[in-house]
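This report refers to the structure that appears directly beneath it.
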Amino acid sequence: MPGVGIFNALYGLGENLILRIPRDHPAFLAALAKEPLAVPVARAAGVRTPSLVDYDDSRTLLPVPYTIYERVHGDTFGLMPGDPVASPPVWQELGADLARLHLGVGSDSPVAGLACEQLPGGVELAEHLGERGMVGAAEVHWLGGWLERLDALAGQRPSVFVHGDIQSTNVMLIDGSYAALLDWGACGWADPAVDFAGIPLRAVPALLSGYAAAGAGVDTGLRAAIVRRHLLIGLFLAHRTPQPGLSWAERPLGVLLDVLRFTSAAPAEWRDVGPPR
């Protein structure tokens, strides 16, 4: 089946099942091993995600472990034409599922020991770009000042169980409506802000609307942490080569341009977390 991610190859098994086979790399195999723990916990919390039919790590049929999932008969959101930000109801429904996940999974659950991948610090990433000549000293200083202010506004952040990779290619639609969230290989315990990145920042207000309506708290600290996460991902990707044909969040400059696009005309409640003048 068409691939939009880096980790797995996908195959249809008849009409109702999907086979996911990871590429043979330690990080990809470790991500797959999270799924038999995460999927039942997420479903129990009320998150709309397909059931895991089988996880086989015996390597008797294939040289790597694999998973078989219930198939969602719908469309991949990230492959739909047009700007995904123009679908607020989808983001609102996804936000409600994220609230169920963040509020409904306890620290004594089977996923208690799972951790998310850590990104380098933003100032460090900006300095590396400066050393490579991709930005100048003035831009490094400007980015550093913005990140320091975001750190102060974010403050001490809680740790919750997060999906970790809500890019639109992991979201399924049926008849244009939100149907399911896929791919739990990046899950773990982290700042809730982690689950508001990997998508255009312009979609985050709708996501937060659904999140708040489902009972989760939204404040300046969370908004600051979200903008910081988007900047970190953008600066991290700026060190990579382009990945044509993959999901939006794999494009080196797209994330940074989107942050600037959003913050240049952000709603009033986001202005405190925007860039320094």
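Brief remarks follow.
- Once you divide the Cα radius of gyration of segment 175-244 by 2.2 N^0.38 Å, the number left is 1.25.
- Taken one residue at a time, the phi angles of segment 173-188 give Karplus couplings (6.51, -1.76, 1.60, θ = phi - 60°) of 10, 10, 6, x, 10, 4, 10, 6, 10, 10, 6, 9, x, 9, 5, x Hz. Gly and Pro are set to x.
- Entry note, the chain: the mean residue ellipticity at 222 nm calculated from DSSP H runs of n ≥ 4, each adding -39500 (n - 2.57), is -12000 deg cm²/dmol after division by the residues and rounding to the nearest 500.
- Projecting label points 7 angstrom from Cα along Cα→Cβ for LEU17 and THR241 puts them 3.7 nm apart.
- Ellipsoid semi-axes in whole angstrom, largest first, where each is sqrt(5λ) of the Cα gyration tensor of segment 1-72: 19, 15, 12
- Counting DSSP beta bridges with both ends in the chain, the antiparallel % (nearest 5): 95 percent
- As a length-normalised measure over Cα pairs under 8 Å and 6 or more apart, the relative contact order of segment 74-273 settles at 30 percent.
- Of the two radii for segment 8-144, the radius of gyration is 1.06 times the Kirkwood radius, both from the alpha carbons; that is the Rg over Rh value.
- Taken along the Cα-to-beta-carbon direction at a fixed 7 Å, the label points for ILE6 and ARG157 span 2.0 nm.
- Phi angles across segment 207-215 convert, under the Karplus curve 6.51 cos²θ - 1.76 cosθ + 1.60 with θ = phi - 60°, into 3J(HN,Hα) values of 4, 5, 4, x, 4, 5, 4, 8, x Hz, Gly and Pro given as x.
- Look at the dipole of the chain built from charges on Cβ: of GLY104, ALA30, ALA126, the Cα furthest out on the positive end belongs to ALA126.
We did not get these values from a lab; they are worked out from the coordinates using the rules stated. Please read all numbers here as calculations on a predicted model, not as lab measurements. Glycine also receives a Cβ, built like all others from the backbone with ideal geometry; neighbour counts cover every protein chain displayed.
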